[in-house]
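Down below is the structure, laid out as structure tokens.
Bear in mind that the values in this text are calculations on the coordinates, not laboratory data. Source: prediction; values computed, not measured. Cβ placement follows ideal geometry from the backbone for every residue including glycine, while neighbour counts extend to all protein chains displayed.
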Amino acid sequence: MFTLLRDLRRLRRQLDLPHRTGSLAIRHCDVGSCNGCEHELTLASGPHYDLSRFGLGMVASPRHADVLLVTGAITSRMSTALRRAYEAMPEPRRVAALGDCALGIGLLGSPDDILGPVELVLPVDLQIPGCPPTPDAIATALFGLLASRPAGQGVTVGRPLGSADEQPTGERRID
Amino acid sequence: MSGYRGDVADALSGSAIFGALYATGPVVRTVLIGPDGSPGLISAPVVEGSVPSIVDLAPAAGWDEREAADLYGVGFNGHSPMRPLVAHGAALEDWTVRVSGHDAYQVAVGPIHAGVIESGHFRFHVVGDRILHLDAQLFYKHRGLQAAAEGRRLREAMALVARTCAACSVTNAIAYADACEQVLALEPPSELRRVRTILVELERVWNHLNDVSAICAGVGMAAGNAAFAALTERARRLNDALTGHRFLRGAVQVGASDLDWDASAVRRAANELDSVRTDAARAWRELAFNASFQDRLAGVGVIDAGRARALGVVGPAARAAGLDRDERCHSGRLSYDGFAPALPERPDGDVRARYEQRALELWQSFDLLGMLLDRPVTASRAEPGPAVRIPGAGPGDETGIGVVEGPRGRTVCILEARDGQVIRLQLRTASFANWPAVAAAAAGSLLPDFPLINKSFELCYACVDR
Ligand code: SF4
């Protein structure tokens with residue numbers, strides 16, 4: 001085991017990854033991919049790119065997420081789940097569309113089964129083109145998101161799920 | 001028994017195995033595969049909306065019949081209860097098995113999972129931590145790819161097949177190219193066979209490295225997960241260097257190959273594979289001597305030989321249970337002369353056996369690639385050959401059936417064509433074959449072991465949902 005850890009440490013040193021500050025919690029949501037974008041996203045968290053080292057962590061629930069990272073073109077069967085995942089996120093929240101399918105480029109399939117790109121259902125803040133984008137491209141694009149601030153000053157956080165008019169309590173503002 | 005069922009029963013009691021079942025509008029066809037890997041068809045006309053079911057003869061046909069029922073509205077007499085598979089929206093009690101008793105309850109997971117995983121819904125029936133039964137509802141990613149292929153030119157439909165699933169892109173593409181070439185009366189010359197074999201072995205290498213990494217992740221073994229993820233990355237970079245795509249997509253075409261690797265490109269690839277192999281063997285040894293890790297794998301999620309045979313399990317999962325079937329033994333349209341499957345010392349059919357099977361096959365693939373990459377690769381074209389007649393296909397039908405052993409096992413691609421256009425395309429992937437076994441392996445196991453069991457099969461959802 002020590003050998004293994006030593007090898008990994010050596011790899012880390014060879015790669016000489018830069019340091020950054022800040023963090024983003026990312027929730028991945030596959031709405032109809034070919035599995036290619038997932039495989040590359042997985043490796044973006046692997047030792048060569050190691051997203052978590054830059055504060056970019058994959059989280060298990062949309063409730064903990066700053067970013068919804070969506071892969072695939074939306075199938076008719078996944079649109080409800082996608083909307084629900086988005087609704088479950090606290091604000092400020094952002095959406096990243098990962099891969100050509102999510103961006104609506106060169107979609108394949110039957111019109112009855114495929115609704116279309118992510119922007120059809122959710123506002124997209126970050127587009128990561130490629131079929132699939134390489135882990136390098138994914139990491140670079142997400143670093144960009146880390147550097148930028150969500151659009152609009154003073155975003156509402158802590159709004160309860162569902163409709164805002166129900167109980168507009170507990171609002172905090174950040175800038 | 002006579003007619004369709006009788007014919008299927010006869011074939012199965014001989015030496016054939018179930019390969020696939022699919023519906024067109026007016027007929028249902030069963031594909032049976034002989035011991036020499038050659039496929040044949042047995043058809044049943046749809047009479048008053050239904051055909052006899054063969055699920056009692058071949059339990060492996062269960063999902064195929066359910067899919068045909070949902071997508072083509074065919075009834076299967078004798079398949080009862082007929083639960084929806086592709087069709088969503090049914091009431092819970094209509095698509096799940098009823099489980100009741102003291103303290104039994106359900107745990108619903110998905111379609112969105114906790115990690116970076118494809119979407120699908122699982123319903124675990126449990127008592128405490130013990131899984132009594134698992135119902136999987138997949139097809140959330142159903143893109144209608146097979147239907148979209150209908151009416152397209154044969155070469156054009158390749159894009160749909162290659163983008164069905166990234167992890168099995170070469171396997172699916174070769175199966176489809178084979179089927180097309182049978183219809184077009186084309187034969188791959190030895191150079192084309194060699195380059196396709198190299199591609200499918202490269203696909204196996206990166207997938208098996210990825211699977212070992214995933215199994216480590218399934219028990220929280222971070223060092224093993226990271227080590228094999230790094231090796232997966234290197235394998236994908238090699239894919240990119242050789243074909244311009246990290247998943248080798250676009251490298252397989254119908255009737256031709258444009259790949260042209262000179263001596264130095266081939267040498268660099270062989271050297272990198274050697275180096276990946278050395279590092280993989282090192283990491284594998286480290287894991288072999290980690291007792292706490294190894295203890296987590298043994299005896300978990302068992303599918304023994306009997307159940308594997310009944311469920312029609314394919315690929316490494318079947319070989320880990322002691323079944324010796326590997327389509328590479330008789331892949332006449334690929335370069336596998338003298339191939340013998342790698343079989344485990346302990347064919348226990350548990351997570352450990354499936355994990356160890358990945359390594360056995362990895363070393364074998366490295367050996368094969370070493371031999372195949374001994375000289376430059378040049379562009380090649382398929383040559384006119386004798387028309388292939390699939391036994392059981394109708395006289396006027398142009399039917400081709402490609403059978404390829406991919407990383408997850410046997411993938412069968414059935415193509416019915418007319419005038420160079422796709423009439424019907426059915427891609428029965430290894431993942432489609434093995435999903436029922438994942439559910440079967442989960443029953444009796446602990447709920448927290450499910451990720452591990454799932455990863456030990458490491459099936460694609462995209463390959464099933466299509
Ligand atoms: S963009 Fe490409 S790799 Fe990603 S899901 Fe779509 S087809 Fe697959």
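The trypsin sites (Lys or Arg not before Pro) found in the range B:126-222 include none that occupy coil by DSSP while having at most 12 further C-beta atoms within 10 Å. At a Förster distance of 22 Å, what's the computed FRET efficiency of residue B:295 paired with residue A:11, Cβ-Cβ distance as r, to 0.05? E(calc), rounded to 0.05, equals 0.20.
Partner shielding of B:156-163 amounts to 2, given as the average count of beta-carbon atoms from other chains within 10 Å of each residue beta-carbon. Stokes-Einstein diffusion of the range B:374-466 at 37 °C, 0.692 mPa s viscosity, Kirkwood radius from Cα pairs, rounded to a whole number: 198 µm²/s.
Spin-label model, residue B:156/residue B:383: points 7 Å from Cα along the beta carbon direction are separated by 3.1 nm.
Net charge within 9 Å of residue A:132 by Cβ-Cβ distance, Lys/Arg positive one each and Asp/Glu negative one each, not counting residue A:132 itself?
Local charge sum for residue A:132: -2.
Dipole check for the protein assembly as shown: with +1 at the C-beta of Lys and Arg, -1 at the C-beta of Asp and Glu, and the Cα centre as origin, the magnitude is about 1260 Debye.
For the listed peptides A:130-142, B:68-80, a ranking on the average number of other beta carbons within 10 Å per residue, highest first, reads A:130-142, B:68-80.
Stretching residue B:2 away from residue B:90 to a fully extended chain increases their span by 28.2 nm, per 0.36 nm per residue minus the current alpha-carbon distance. Each residue of chain B gets 137 Å³ once the volume of the Cα convex hull is shared out per residue.
With the alpha-carbon atoms of the range B:288-367 aligned to their principal axes, the span from lowest to highest coordinate is 43, 31, 15 Å, starting with the largest.
As a size descriptor, the averaged projected area of the C-alpha convex hull of the range B:175-309 was calculated at 10.7 nm².
If Lys and Arg each add +1 and Asp and Glu each add -1, what is the summed charge of the other residues whose beta carbon sits under 12 Å from the beta carbon of residue B:70?
-1
Spacing of the modelled spin labels on residue B:418 and residue B:38, each 7 Å from Cα toward Cβ, amounts to 2.8 nm. In a DSSP loop and with at most 14 other Cβ atoms within 10 Å, there are no chymotrypsin sites (Phe, Trp or Tyr not before Pro) in the range B:107-141. Each Lys and Arg contributes +1 and each Asp and Glu -1, all at the Cβ; summed about the Cα centre of the range B:301-403, the dipole is approximately 140 debye. Using only the C-alpha atoms, the convex hull of the range B:92-137 corresponds to 71 Å³ per residue.
Local charge for residue B:158 was computed over the other residues whose Cβ lies under 11 Å away, with Lys and Arg +1 and Asp and Glu -1, and equals +4. Entry for the range B:21-157 at q = 0.21 Å⁻¹: log10 I(q)/I(0) = -1.29, Debye formula applied to identical alpha-carbon scatterers, no solvent contribution. Highest average first, the peptides B:176-182, B:91-97, B:446-452, B:348-354 ordered by how many other beta carbon atoms sit within 10 Å of their residues are B:176-182, B:348-354, B:446-452, B:91-97. Once the convex hull of all Cα atoms in the range B:335-428 is built, its volume per residue stands at 172 Å³. Taking every Cα-Cα distance in the range B:153-429 and sorting them into 10 Å bins from zero, the calculated P(r) comes out as 7, 29, 34, 22, 8, 1, 0 percent. Simple point charges give the picture: +1 on the Cβ of Lys and Arg, -1 on the Cβ of Asp and Glu, and for the range B:66-112 a dipole about the Cα centre of about 60 debye.
Treating each Cα of the range B:319-362 as an identical point scatterer and summing with the Debye formula, the log10 of I(q)/I(0) at q = 0.14, 0.20, 0.22, 0.28 Å⁻¹ comes to -0.34, -0.62, -0.70, -0.93. Quotient of the Cα radius of gyration of the protein assembly as shown and 2.2 N^0.38 Å, N being its number of residues: 0.95. Here the range A:19-156 is described by how far its Cα atoms reach on the three principal axes: 45, 36, 24 Å, from widest to narrowest.
For the range B:3-77, the Stokes-Einstein estimate of translational diffusion at 4 °C and a viscosity of 1.567 mPa s comes to 107 µm²/s, using the Kirkwood hydrodynamic radius over alpha-carbon pairs.
Averaged over the residues of peptide B:222-234, the number of Cβ atoms from other protein chains lying within 10 Å of each residue's Cβ is 5. Across the range B:176-231, Cα-Cα pairs farther apart than 17 Å form 55% of the total.
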